[in-house]
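Right, one structure below, let's go through it.
The values are calculated or read from the model by the stated rules, or taken from the named source; none is laboratory data. Just so it is clear, the structure is predicted and the values come from calculations on it, not from any experiment. Note that each Cβ is placed from the backbone with ideal geometry, even for glycine, and that neighbours are counted across all protein chains shown. These accessible areas exclude ligands, DNA and RNA; they are computed on the full protein's heavy atoms, side chains included. Shrake-Rupley method; radii C 1.70, N 1.55, O 1.52, S 1.80 Å.
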Amino acid sequence: MPKSATYKLYIDGRWIPSESRETYSRVNPANYNEILGRFQQGNAKDVDKAVDAAEESFEKWREVPPPKRGEILLRAAQLLRQQKEELARIMTKEMGKVLTETRADVQEAIDTCELMAGEGRRLFGRTTTSELRDKFAMTVRLPLGVVACITPWNFPIAIPAWKLTAALICGNTVVFKPSSDTPICATKFVEILEKAGVPKGVVNLVTGPGSIVGTRLVKHKKIRAVSFTGHRDTGAQILKDAGVGKKIGLEMGSKNPIIIMDDADLKLGLDGVIWGAFGTCGQRCTAASRVIIHKKVRQKFERMVIERTKKLKLGSGLNPKTDVGPLVNKTAQDKVTGYIEIGKDEGAKLCCGGKVPKLKGWFFEPTIFTNTSSDMRIFQEEIFGPVTSLTEAKNLDDAIDLANAVEYGLSSSIYTNNIRNMMQAIKYLEYGITYINSSTIGAEVHLPFGGIKSSGSGWQEVGWTAINFFTDEKTVFIDYSGKLQRAQIDIE
Ligand code: NDP
């Protein structure tokens, strides 16, 4: 076994081993013979220590003027920029996506740090009128206290950046529990925050199993908010465990559709489908896992998609010629394999892919199903792999009905050159995000990001909306009339 580094927890400004004295290892998903390191198997005692440290540091951190907190985030952005290439390579080795995408992941973190640094000079409340004379009314934003940030592996620096920078600029202190599949990226991000000047105890990192570390955090009485991104079933469990008295922000899975209308630019639509379905090996919450095609162009567009999909090259994300990297782990590979059988049993037609290639990593061939209908599990359930299903629609209304016929509602897209089709899609697609003539993926950090229905709990991330989640907006009345004025009564 090659010698590999041992990573630590970060609690109260110190890098320390877990109270459990146990570690686990992680391998490169593109080459499972390569061990990337050993990581602390955190436990409930570690969580308690981290929460106590965060609680103690909160009183000081909340007093730091927000523009000063912003200066720290700006320094973090600079450090991320300096280390962008190195971090991108680490990320590709740790979770598999190709280098162009891991560079973008780091860039998203840079953008987020800069956005949230600027937020330190805004954090707007509102001033408004009063129904009474000599009375002033406004709202102010106050930090919540200690917050938990629980993140997935598919955007292992960008999503932690979304959550942590928003939490910090608002004056909260953080316990960060990253995915067990991406502890190196999490550690590197926390190292950067430390170097940028985040004071001790303000950010704490606890690695270890979600069922132990995550559950303890979610149930902890001192945690004021849980910001979670991950699987719908984990989100449902978190809602059960959290109890009352906490804000719960959930960003979860989806089953995102691209609609191709009969008047669409089919070449443009093809680029969008391939990028949406197979980027990050289909492991994005916004992946285009369904393509709904107008009957007039269905046969032609299906042929185009299948032909292009067959040309995609599988391999290590470090190789610039690779189009599609590996799945994240063996469990994911088994899950995708299972869905191929389900699709075939349901009567869908497997047109290409569908197999595990003979490589030393958790790869899966890019896969297209046709003849799919809304009653099939492969149409309804999140597969989270390089698999997309093509379905025929009679007209725009039918396409929108098919798009909405799932429990999820994160991202959607329509390719059309008809303004009425576009406006109908914006109005009737039941999704948090709709793209016109672009794929289902491609969020920008200064706009809200979030799903509806089973994809989210209603709190949107990044943009200006993240601030709503990580603050209490307190209503303030200042009465300078010198007498008791009763609202609704003394109004004459
Ligand atoms: P999981 O839900 O398996 O894990 C997410 C995080 O939750 C991990 O840190 C995990 O820890 C932790 N966790 C697991 N069990 C618990 C628990 N009982 N209590 C608290 N925390 C727990 O998701 P994945 O990491 O596999 O990510 C893939 C999923 O994330 C997909 O469904 C995808 O659609 C969704 N996603 C949604 C996004 C969005 O913005 N809507 C963006 C990106 C992904 P551990 O790793 O140790 O199990």
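Here are the numbers for the structure shown:
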quantity: Which numbered condition residue 228 misses (of (1) part of a helix (DSSP H, G or I); (2) within 14 Å of the ligand (Cβ to nearest atom)); calculated: (1)
quantity: Matching residues in the range 140-182 - criterion: being aliphatic (A, V, I, L, M), closer than 19 Å to residue 213 by Cβ and open to solvent by less than 10 Å² (accessible area, probe 1.4 Å); calculated: 146, 147, 148, 159, 164, 167, 174, 175
quantity: Test for residue 197: is it small (Gly, Ala, Ser), surrounded by 23 or more Cβ atoms within 10 Å (Cβ to Cβ), on the phi > 0 side of the Ramachandran plot and more than 10 Å from the ligand (Cβ to nearest atom); calculated: no
quantity: Scan of the range 444-464 for residues that are surrounded by fewer than 19 Cβ atoms within 10 Å (Cβ to Cβ), in contact with a Phe, Trp or Tyr (Cβ under 8 Å, 6 or more places away or on another chain) and either modelled with pLDDT under 95 or hydrophobic (A, V, I, L, M, F, W, C) (or both), ordered by number; calculated: 452
quantity: Count of the range 241-260 residues which are crowded, with 24+ Cβ neighbours inside 10 Å and either away from the ligand (no atom under 16 Å from the Cβ) or assigned to a helix (DSSP H, G or I) (or both); calculated: 3
quantity: Matching residues in the range 295-307 - criterion: being open to solvent by less than 80 Å² (accessible area, probe 1.4 Å) and of a type in the set (Lys, Arg); calculated: 298
quantity: Residue 441 within 20 Å of residue 293 (Cα to Cα) and among the hydrophobic types (A, V, I, L, M, F, W, C); calculated: yes
quantity: Residues of the range 99-123 satisfying the condition of being closer than 20 Å to residue 321 by Cβ and buried (at least 24 other Cβ atoms within 10 Å of the Cβ); calculated: 102
quantity: Matching residues, the range 200-225, being within 29 Å of residue 60 (Cβ to Cβ), in a helix (DSSP H, G or I) and open to solvent by 70 Å² or more (accessible area, probe 1.4 Å); calculated: 216, 219
quantity: The range 378-393, residues that are assigned to a loop (DSSP other than H, G, I, E, B) and either touching a Lys or Arg at 6+ places or on another chain (Cβ under 6 Å) or more than 16 Å from the ligand (Cβ to nearest atom) (or both); calculated: 382
quantity: Selection within the range 340-377 - surrounded by fewer than 23 Cβ atoms within 10 Å (Cβ to Cβ) and within 16 Å of the ligand (Cβ to nearest atom); calculated: 377
quantity: Which numbered condition residue 324 fails, given (1) surrounded by fewer than 22 Cβ atoms within 10 Å (Cβ to Cβ); (2) at pLDDT 95 or above; (3) more than 14 Å from the ligand (Cβ to nearest atom); calculated: (1)
quantity: Condition check for residue 144: modelled with pLDDT of 95 or more, more than 16 Å from the ligand (Cβ to nearest atom) and closer than 16 Å to residue 50 by Cβ; calculated: no
quantity: Any hit, the range 431-438, residues being more than 15 Å from the ligand (Cβ to nearest atom), at pLDDT 95 or above and of a type outside the set (S, T, N, Q); calculated: yes
quantity: Criterion: modelled with pLDDT of 95 or more, surrounded by fewer than 20 Cβ atoms within 10 Å (Cβ to Cβ), in contact with a Lys or Arg (Cβ under 7 Å, 6 or more places away or on another chain) and not in a strand (DSSP E or B) - qualifying residue of 407, 473; calculated: 407
quantity: Number of the condition not met by residue 4 [criteria: (1) open to solvent by 40 Å² or more (accessible area, probe 1.4 Å); (2) assigned to a loop (DSSP other than H, G, I, E, B)]; calculated: (1)
quantity: Residue that is touching a Ser or Thr at 6+ places or on another chain (Cβ under 9 Å) and of a type in the set (Gly, Ala, Ser), where the choices are 125, 120; calculated: 125
quantity: Scan of the range 32-43 for residues that are over 18 Å from residue 188 (Cα atoms) and either among the β-branched types (Val, Ile, Thr) or crowded, with 16+ Cβ neighbours inside 10 Å (or both), ordered by number; calculated: 43
quantity: Every pair of residues 6+ apart whose Cβ atoms lie under 6 Å, when the first sits in the range 180-193 and is among the polar types (S, T, N, Q) while the second is assigned to a loop (DSSP other than H, G, I, E, B); calculated: 182/153; 182/156; 187/7
quantity: Residues of the range 425-470 satisfying the condition of being among the hydrophobic types (A, V, I, L, M, F, W, C) and assigned to a loop (DSSP other than H, G, I, E, B); calculated: 429, 441, 443, 445, 447, 452, 459, 462, 464
quantity: Flag for residue 279 being under 18 Å from residue 435 (Cβ atoms), outside any strand (DSSP E or B) and touching a residue at least 40 places away in the same chain (Cβ under 8 Å); calculated: yes
quantity: Residue within the range 53-62 that is crowded, with 18+ Cβ neighbours inside 10 Å, within 23 Å of the chain's Cα centre (by Cα) and at pLDDT 95 or above present; calculated: no
